[in-house]
Amino acid sequence: MTTKVLMVCLGNICRSPLAEGIMRKLTNNSDFLIDSAGTANYHLGAAPDHRSIAIAALHDIDISSQQARQLTPADLDAFDHILVMDEENLSNALALCTSKAQRNKIVLITSASEVEASHIPDPYYGGADGFARVYELLHDCCSKWLMKHTK
């Protein structure tokens, strides 16, 4: 059975595309369908931020063909797990829910990890070092999430 996991951030160009790429590499796509979306419609159809593409490439992950899309109510039924990057996007995703079953699928990506941050910071307005830190946090979160959910 395929486990469907959706990564969610604000614009779907920085954190969630990177999380999608990391999770795809960690699972090697076996028994997993990984996707990403944003809670806002700022960048629909756009490629990930060039800094996310660059940090992913440093780790042999190609996210350059991804296209930004917005989280939809249909996603809440289609995916088994919805992992969001921060509290604001958690609130935005939960606002789309029409059932307890949908709400139960949505958690902060940091919930399975021991990272010091309770959320993944948005690196958009910073430099390359912020994207490197986000990569490290996301790699830790994705690895720990997989350990918890693939026993």
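The values are calculated or read from the model by the stated rules, or taken from the named source; none is laboratory data. Note that the structure is a prediction, hence the values are computed from the model and not measured. Backbone-built Cβ (ideal geometry, glycine too); neighbour counts: all protein chains shown.
What pairs come out if I take residues in the range 27-43 that are within 17 Å of H149 (Cβ to Cβ) and pair them with residues that are not polar (S, T, N, Q) whose C-beta lies under 6 Å away, six or more apart or interchain?
These pairs meet every condition: L33/K4; I34/V5; I34/E20; I34/M23; I34/R24; D35/L6.
Out of the residues in the range 1-35 that are of a type in the set (D, E) and surrounded by fewer than 24 Cβ atoms within 10 Å (Cβ to Cβ), which is farthest from the chain's Cα centre (by Cα)? If you could, list the steps in order and put the result at the bottom.
The initial filter retains those residues of the range 1-35 that are of a type in the set (D, E), namely 20, 31, 35.
Those still in the list that are surrounded by fewer than 24 Cβ atoms within 10 Å (Cβ to Cβ) too: 31, 35.
On the way: D31: 18, D35: 8 Å.
The extreme case among them is D31.
Name every residue in the range 70-92 that is of a type in the set (D, E, K, R) and farther than 14 Å from I34 by Cα, in order of residue number.
Pass one, the range 70-92, residues of a type in the set (D, E, K, R): 75, 77, 80, 86-88.
D77, D86, E87, E88 - these are the residues of the range 70-92 that are of a type in the set (D, E, K, R) and farther than 14 Å from I34 by Cα.
Is it true that Y125 is touching a Leu at 6+ places or on another chain (Cβ under 9 Å) and of a type in the set (S, T, Y)? Break it down into steps so the answer makes sense when it comes.
Details: touching a Leu at 6+ places or on another chain (Cβ under 9 Å): no; of a type in the set (S, T, Y): yes.
Taking the combined requirement at face value, the residue does not satisfy it.
So, in the range 43-53, of the ones that are surrounded by fewer than 20 Cβ atoms within 10 Å (Cβ to Cβ) and farther than 9 Å from R69 by Cα, which residue ends up nearest to the chain's Cα centre (by Cα)?
Selected residue: A47.
Given (1) modelled with pLDDT of 95 or more; (2) in a helix (DSSP H, G or I); (3) among the hydroxyl-bearing types (S, T, Y), where does T98 come up short, assuming only one miss?
(2)
So which residues in the range 1-30 are in contact with a Ser or Thr (Cβ under 6 Å, 6 or more places away or on another chain) and more than 17 Å from E87 (Cα to Cα)?
P17, L18, E20 - these are the residues of the range 1-30 that are in contact with a Ser or Thr (Cβ under 6 Å, 6 or more places away or on another chain) and more than 17 Å from E87 (Cα to Cα).
With respect to D75, is the statement that it is out of contact with any helix residue (DSSP H, G or I) (no Cβ under 7 Å at 6 or more places or on another chain) and either under 17 Å from L6 (Cα atoms) or of a type in the set (S, T, N, Q) (or both) true? Reasoning before the result, please.
Working: out of contact with any helix residue (DSSP H, G or I) (no Cβ under 7 Å at 6 or more places or on another chain): yes; either under 17 Å from L6 (Cα atoms) or of a type in the set (S, T, N, Q) (or both): yes.
Criteria met by D75.
When you scan the range 78-92, do you find a residue that is among the acidic types (D, E), in contact (Cβ under 8 Å) with a residue 40 or more places away in the chain and surrounded by fewer than 21 Cβ atoms within 10 Å (Cβ to Cβ), even just one? Quick ask: steps written out before the conclusion?
Pass one, the range 78-92, residues among the acidic types (D, E): 80, 86-88.
Next, from what is left, pick out any that are in contact (Cβ under 8 Å) with a residue 40 or more places away in the chain: 80, 86, 88.
Narrowing the set further to residues that are surrounded by fewer than 21 Cβ atoms within 10 Å (Cβ to Cβ) leaves 80, 88.
Within the range 78-92 (the criterion being among the acidic types (D, E), in contact (Cβ under 8 Å) with a residue 40 or more places away in the chain and surrounded by fewer than 21 Cβ atoms within 10 Å (Cβ to Cβ)), the answer is yes, since at least one residue qualifies.
Taking the condition of a type in the set (A, V, I, L, M) and modelled with pLDDT under 95, does M7 pass? Break it down into steps so the answer makes sense when it comes.
On the way: of a type in the set (A, V, I, L, M): yes; modelled with pLDDT under 95: no.
Spelling it out, it is not the case that M7 is of a type in the set (A, V, I, L, M) and modelled with pLDDT under 95.
Residue by residue through the range 112-151, note down the ones that are among the hydroxyl-bearing types (S, T, Y) and either buried (at least 19 other Cβ atoms within 10 Å of the Cβ) or touching a helix residue (DSSP H, G or I) at 6+ places or on another chain (Cβ under 8 Å) (or both).
First, pick out the residues of the range 112-151 that are among the hydroxyl-bearing types (S, T, Y): 113, 118, 124-125, 135, 143, 150.
Scanning the range 112-151 gives S113, S118, Y135, S143.
Give just the number: which of (1) assigned to a helix (DSSP H, G or I); (2) surrounded by 15 or more Cβ atoms within 10 Å (Cβ to Cβ); (3) without any contact (Cβ under 8 Å) to a residue 24 or more places away in the chain does S64 not satisfy?
Failing condition for S64: (1).
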